[in-house]
Amino acid sequence: MALDGIVIAGLVKELRQTIEGGHISKISMPEKNELLLTVKNHSQSHRLLISSDASLPLIYLSPENKTAPLIAPGFCMLLRKHIGSGKITEISQQGLERILLIRIQQLNELGDPAEKRLYVELMGKHSNIIFTDETDTILDSIRHVPASLSSLREVLPGRAYYLPQQLKKQNPLCMDEAAFAAAMQSAGALPLERAIVASLSGISPVVASQLVSASGLEERLRPQDLDSDGLTRLFRTISLLTEEIRSGHFSPVLYLKQDVPVEFSAIRLPSYEGGDCVSRRYESVNRLLYDYYALRNSITRIRQKSSDLRKLVQNLLSRGQKKFLLQEKQLRDAEKKEKYRVYGDLLNTYGFRLKGGETQLICENFYDEGREISIPLEPRLNGVQNAKKFYDRYAKLKRTEEAVREEIMHTRKENEHLSSILTALDLATEESDLNQIKEELTEYKYIRKHGGGKKQKTVSRPLHFVSSDGFDIYVGKNNYQNEEITFQIASGADWWFHAKGIPGSHVIVKSGREELPDRTFEEAASLAAYYSKGRDAEKVEVDYIQRRFVKKSNGGPPGFVIYHTNWSMMAKPAAEIPVRVTEQEKK
């Protein structure tokens with residue numbers, strides 16, 4: 001993900017418009033490396049969330065408050081003392097680096113105006129929030145960096161603040177072509193993309209790749225391989241970008257794949273457009289960052305919460321698959337029963353030849369064109385008794401075969417049910433989806449029910465889309481939702497879709513008794529392919545049929561159906577062809 005200098009530039013522009021000139025009314029530290037400033041400006045309150053977490057550094061205006069610990073950390077107390085009611089006089093970016101400077105003015109102990117500064121460094125594992133006075137002497141920081149951790153720059157109270165030496169790259173916002181050429185030549189033998197990142201500040205590898213591509217150059221080339229024309233083309237491409245940054249023209253965009261964010265930027269990234277990625281455009285960089293982190297946190301939270309359920313279902317499914325293999329072996333053994341019936345029949349026919357004490361009888365097998373057969377015998381038994389022994393074994397294996405066939409059918413259905421639940425866990429997007437899955441596992445006794453009394457059923461809504469031709473499309477995310485949309489929301493004339501032969505969602509198109517256009521069939525099939533176990537495949541075969549021909553499976557779990565005489569089509573899994581209808585839009 002590219003929280004680069006360009007994104008920071010777009011964010012700084014918006015922060016100037018919203019909180020610059022405002023007064024800080026509250027300071028808290030909800031997490032160890034997290035700072036939350038409440039700023040009042042233009043009769044509104046804004047919450048500026050800053051995180052220096054090494055794995056996820058961030059800064060944006062958050063509409064949500066966070067609970068602060070009962071005992072504030074020392075860094076938080078120091079900020080409250082010095083800038084607790086201060087005025088934000090300026091928000092700026094250091095060059096095009098991922099460093100923000102927030103200047104704050106407040107009266108000191110003598111009643112005179114005094115300036116304090118917050119440097120917000122968002123640089124991966126080196127991220128920090130550093131508090132200084134007007135002379136850039138460090139008063140404190142959210143993370144101390146002694147000489148034992150860094151020999152290049154100490155970040156400790158009393159030390160002078162300065163930018164890290166490794167960040168002193170060429171600022172693309174104020175360079176001419178000669179400075180650019182010199183910076184690129186200093187990158188040595190690095191390929192062009194890496195040379196841009198190494199020599200120019202604020203440019204991420206993703207953006208560098210776009211710049212090289214837009215210049216018509218190959219990324220494998222090195223700066224020393226370029227002639228003057230090549231360097232000029234690359235400089236002009238970068239100049240067009242820097243001109244957009246200076247003028248404040250940003251195009252915030254979030255790129256998603258299978259509803260999971262894969263990249264974001266303050267400018268368009270053509271290499272991510274088309275193909276499997278879906279782009280979501282924004283008017284605000286701040287809103288882009290909030291949505292990205294909220295979506296990422298939501299996905300992480302759902303995955304964490306579903307991990308125990310997933311492990312349980314996977315263990316049950318693994319156990320069921322082993323059980324199925326053992327039952328198949330039992331069935332293969334039981335299918336040998338006919339041999340013992342033949343032995344019994346042949347002994348009843350030729351047993352008179354036995355004189356007693358034989359270990360085998362060699363005779364003609366009238367069931368196999370008179371070929372000779374050797375029948376093993378129990379020497380202490382006569383012919384009739386040996387025949388009875390074989391008939392008894394035949395009868396036992398026949399009973400075993402019938403019982404095992406029933407067990408295999410039950411095990412197969414159970415494994416199919418568990419596979420469908422595992423797929424539902426992959427499709428879950430909300431905690432209510434997980435609660436509904438947990439209810440199903442409890443109902444079918446995969447999870448032990450705790451506590452007395454009747455619990456209220458979890459309400460979890462199926463997905464709702466509108467096709468390009470205006471038809472409502474419903475998608476179930478689990479077995480209960482599949483049951484709901486197929487047998488409650490759908491009428492007999494509506495169309496039903498499902499990925500062929502694999503676990504997945506039921507998809508219903510409300511036809512209103514109208515004839516569906518081909519495009520709607522294709523969009524519904526793409527949704528059925530995407531919301532199935534085959535969502536990562538290039539193409540998925542999808543069955544479709546009118547709802548009136550779909551029947552509940554007799555005694556089966558919710559959402560299990562049978563149907564005949566259906567049509568099929570190959571569909572490319574896609575989730576964003578129709579328009580998604582959210583709960584807010586429904587209201």
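Yes/no matrix, rows are residues, columns are (1) out of contact with any Leu (no Cβ under 9 Å at 6 or more places or on another chain); (2) at pLDDT 95 or above; (3) part of a helix (DSSP H, G or I):
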residue: Ile24; (1), (2), (3): no, yes, no
residue: Pro30; (1), (2), (3): no, no, no
residue: Val39; (1), (2), (3): no, yes, no
residue: Leu48; (1), (2), (3): no, yes, no
residue: Ser55; (1), (2), (3): yes, no, no
residue: Phe75; (1), (2), (3): no, yes, yes
residue: Leu79; (1), (2), (3): no, yes, yes
residue: His82; (1), (2), (3): no, no, yes
residue: Gly95; (1), (2), (3): no, no, no
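In the range 274-298, the residues that are within 23 Å of Arg535 (Cβ to Cβ) and among the hydrophobic types (A, V, I, L, M, F, W, C) form Cβ pairs under 6 Å with partners that are at pLDDT below 85 and assigned to a strand (DSSP E or B), at six or more places apart or across chains, as follows: Cys277/Lys257.
Determine whether Leu240 is in a helix (DSSP H, G or I), aliphatic (A, V, I, L, M), surrounded by fewer than 14 Cβ atoms within 10 Å (Cβ to Cβ) and in contact with a helix residue (DSSP H, G or I) (Cβ under 9 Å, 6 or more places away or on another chain).
yes
Just one of the listed residues (Ser432, Ser419) is part of a helix (DSSP H, G or I), without any contact (Cβ under 8 Å) to a residue 40 or more places away in the chain and among the small types (Gly, Ala, Ser), and it is Ser432. How do the pairs read when you match residues in the range 374-403 that are outside any helix (DSSP H, G or I) with residues anywhere that are of a type in the set (A, V, I, L, M) and surrounded by fewer than 14 Cβ atoms within 10 Å (Cβ to Cβ), using Cβ under 7 Å and keeping only pairs 6 or more apart or on different chains? Close Cβ pairs (under 7 Å, with a partner that is of a type in the set (A, V, I, L, M) and surrounded by fewer than 14 Cβ atoms within 10 Å (Cβ to Cβ)) amount to Ser374/Ile362. None of Lys445, Lys438 is farther than 30 Å from Gln360 by Cα, of a type in the set (Lys, Arg) and without any contact (Cβ under 8 Å) to a residue 24 or more places away in the chain except Lys445.
Close contacts from the range 201-224, counting a first residue that is at pLDDT 90 or above and in a loop (DSSP other than H, G, I, E, B) and a second that is of a type in the set (Phe, Trp, Tyr) and exposed (fewer than 15 other Cβ atoms within 10 Å of the Cβ), with Cβ to Cβ under 6 Å and a gap of 6+ residues or different chains, come to none at all. When residues in the range 448-479 are screened for being under 20 Å from His417 (Cα atoms) and at pLDDT 90 or above, 6 of them pass. Got at least one residue in the range 1-8 being part of a helix (DSSP H, G or I), among the small types (Gly, Ala, Ser), within 30 Å of Glu243 (Cα to Cα) and modelled with pLDDT of 90 or more? Checked against the condition, which is being part of a helix (DSSP H, G or I), among the small types (Gly, Ala, Ser), within 30 Å of Glu243 (Cα to Cα) and modelled with pLDDT of 90 or more, the range 1-8 yields at least one hit.
None of Val313, Val278 is surrounded by 15 or more Cβ atoms within 10 Å (Cβ to Cβ), out of contact with any Gly (no Cβ under 6 Å at 6 or more places or on another chain) and at pLDDT 90 or above except Val313.
Scanning the range 58-74 finds one or more residues that are among the aromatic types (Phe, Trp, Tyr), out of contact with any Asp or Glu (no Cβ under 6 Å at 6 or more places or on another chain) and buried (at least 16 other Cβ atoms within 10 Å of the Cβ). Within the range 374-390, being surrounded by fewer than 14 Cβ atoms within 10 Å (Cβ to Cβ) and within 19 Å of Glu364 (Cβ to Cβ) holds for Ser374, Pro376.
The values are calculated or read from the model by the stated rules, or taken from the named source; none is laboratory data. Please read all numbers here as calculations on a predicted model, not as lab measurements. Heads up, the Cβs are rebuilt from the backbone with ideal geometry, glycines too, and the neighbour counts pull from every protein chain shown.
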